[in-house]
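Take a look at the structure set out below.
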Amino acid sequence: MQYWHEHSGDCRGEEPVNTVPVIAIDGPGGSGKGTISKEVARRLGWHLLDSGALYRLVAFQAQQRGVDLDDEPAVAALAERLDVRFDTATSEERIWLEGVDVTTAIRAEACGVAASKVAAISGVRTALTARQRSFRQPPGLVADGRDMASVIFPDAGLKIFLTASVEERANRRYKQLNGKGISVSLRALREDMADRDKRDSERPVAPLRACSDARVLDTTDLSIEEVVSTVLGWALDTWPQVIGQQQGSE
Ligand code: DC
């Protein structure tokens, strides 16, 4: 079953001109976005925006402070004041919230579910918009999320929508969590994932959608390397001079 809908427009808006190239990679959880975005950014030497981490951080802080996720103004106020630092100095990125390392804590499945609720609050999305755009710095940005192409970077030169079957996405998440020693039921994961897809794609603000000007790539039967090569090939087609020069100077 297709759980996302197409935008009717081409998702190009009236944004201030910023010539720094952006690859927008959107798609549902488990589609491989995180892994692919990280690897593409590493190989190009570009910056990386993990926008899902921002929603996870807001949800995490709300839970820590006992803020009810239904109290929209209170949650939006947290998003406005989020004191976060992404530390990319080492190959393993660390995320600090008010000086505390929360890199692992925000990856918990419960935090993902709470993040999906927080992400449906329009005040939260507005509060996080400028912060996300500030990641667009030379030489380029790979932006990973749900609304990177449609809302945050509508002028991105390359827009990609990654997808995979719900079964495959649940399997991937299962292996990932098992690898970290976290025991979960595959069936519960599949149900969570389907619920989350529904909530993310049916919410009125910035729903998970493939833009009509995005390239859709189904990763169900592809290896990570195959997806990375496809994306890099598209990037080279889009910015032959920029990327050709970078690869030539490696
Ligand atoms: O990609 P992730 O699992 O870390 O994202 C956590 C939640 O945040 C997910 O349910 C959808 C939401 N999200 C969003 O609404 N918009 C984004 N740009 C990124 C994530």
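The values are calculated or read from the model by the stated rules, or taken from the named source; none is laboratory data. In this text the structure is predicted, and so the values were computed from the model without any measurement. Note that we place each Cβ from the backbone using ideal geometry, even for glycine, and neighbour counts take in every protein chain shown. Areas reflect the complete protein model, heavy atoms only, side chains present, ligands, DNA and RNA absent. Shrake-Rupley method; radii C 1.70, N 1.55, O 1.52, S 1.80 Å.
I want to confirm something. Restricting to region 131-148 and keeping residues that are buried (at least 22 other Cβ atoms within 10 Å of the Cβ) and outside any loop (DSSP other than H, G, I, E, B), which single residue is nearest to the ligand (Cβ to nearest atom)?
Going through the qualifying residues, I end up with Gly145.
With respect to the numbered conditions (1) part of a helix (DSSP H, G or I); (2) open to solvent by 50 Å² or more (accessible area, probe 1.4 Å); (3) away from the ligand (no atom under 12 Å from the Cβ), which one is the sole condition not fulfilled by Lys117?
For Lys117, the exception is condition (3).
Taking Glu80, is it surrounded by 13 or more Cβ atoms within 10 Å (Cβ to Cβ), more than 17 Å from the chain's Cα centre (by Cα) and of a type in the set (D, E, K, R)? If you could, list the steps in order and put the result at the bottom.
On the way: surrounded by 13 or more Cβ atoms within 10 Å (Cβ to Cβ): yes; more than 17 Å from the chain's Cα centre (by Cα): yes; of a type in the set (D, E, K, R): yes.
Criteria met by Glu80.
Which residues, counting only those in region 195-222, are modelled with pLDDT of 90 or more and open to solvent by 40 Å² or more (accessible area, probe 1.4 Å)?
Ser212, Asp213, Arg215, Val216, Asp218, Asp221, Leu222
Can you name the residue in region 58-76 that is more than 18 Å from Ser122 (Cβ to Cβ) and touching a helix residue (DSSP H, G or I) at 6+ places or on another chain (Cβ under 9 Å) and, of all such residues, is farthest from the ligand (Cβ to nearest atom)? Break it down into steps so the answer makes sense when it comes.
Applying the first criterion (more than 18 Å from Ser122 (Cβ to Cβ)) to region 58-76 yields 60-61, 63-66.
If we keep only those that are touching a helix residue (DSSP H, G or I) at 6+ places or on another chain (Cβ under 9 Å) too, we end up with 60-61, 63, 65.
Working: Phe60: 11, Gln61: 14, Gln63: 14, Arg65: 19 Å.
For region 58-76, the residue satisfying everything is Arg65.
Going by the conditions given, is Phe161 open to solvent by less than 40 Å² (accessible area, probe 1.4 Å) and under 30 Å from Val17 (Cα atoms)? Give the steps one after another, and end with the answer.
On the way: open to solvent by less than 40 Å² (accessible area, probe 1.4 Å): yes; under 30 Å from Val17 (Cα atoms): yes.
The answer is yes for Phe161.
Quick check on region 95-114: of everything there that is under 18 Å from Phe135 (Cβ atoms) and within 16 Å of the ligand (Cβ to nearest atom), which residue is most open to solvent (accessible area, probe 1.4 Å)?
Thr103
Just one of (1) more than 9 Å from the ligand (Cβ to nearest atom); (2) of a type in the set (Asp, Glu); (3) over 18 Å from Arg203 (Cβ atoms) trips up Asp50, so point out which.
Looking at each condition in turn, Asp50 falls short on (1).
From the list Ala127, Ala170, Ala188, Ala156, which residue is surrounded by 20 or more Cβ atoms within 10 Å (Cβ to Cβ), modelled with pLDDT of 90 or more, more than 15 Å from the chain's Cα centre (by Cα) and more than 22 Å from Leu57 (Cβ to Cβ)? I'd like the intermediate steps shown before the answer.
Working: Ala127 fails: more than 22 Å from Leu57 (Cβ to Cβ); Ala188 fails: surrounded by 20 or more Cβ atoms within 10 Å (Cβ to Cβ); Ala156 fails: more than 15 Å from the chain's Cα centre (by Cα).
On inspection, the qualifying residue turns out to be Ala170.
Looking at (1) open to solvent by less than 70 Å² (accessible area, probe 1.4 Å); (2) at pLDDT 60 or above; (3) under 18 Å from the mean Cα position of the chain (by Cα), which is the one condition that is false for Val20?
(3)
Please work out if Glu92 is charged (D, E, K, R), open to solvent by less than 50 Å² (accessible area, probe 1.4 Å) and either closer than 25 Å to Asn178 by Cα or within 13 Å of the ligand (Cβ to nearest atom) (or both).
On the way: charged (D, E, K, R): yes; open to solvent by less than 50 Å² (accessible area, probe 1.4 Å): no; either closer than 25 Å to Asn178 by Cα or within 13 Å of the ligand (Cβ to nearest atom) (or both): yes.
Spelling it out, it is not the case that Glu92 is charged (D, E, K, R), open to solvent by less than 50 Å² (accessible area, probe 1.4 Å) and either closer than 25 Å to Asn178 by Cα or within 13 Å of the ligand (Cβ to nearest atom) (or both).
Quick check, is Gly27 open to solvent by less than 10 Å² (accessible area, probe 1.4 Å) and either of a type in the set (Ser, Thr, Tyr) or within 10 Å of the chain's Cα centre (by Cα) (or both)?
Numbers: open to solvent by less than 10 Å² (accessible area, probe 1.4 Å): yes; either of a type in the set (Ser, Thr, Tyr) or within 10 Å of the chain's Cα centre (by Cα) (or both): yes.
Yes: the conditions hold for Gly27.
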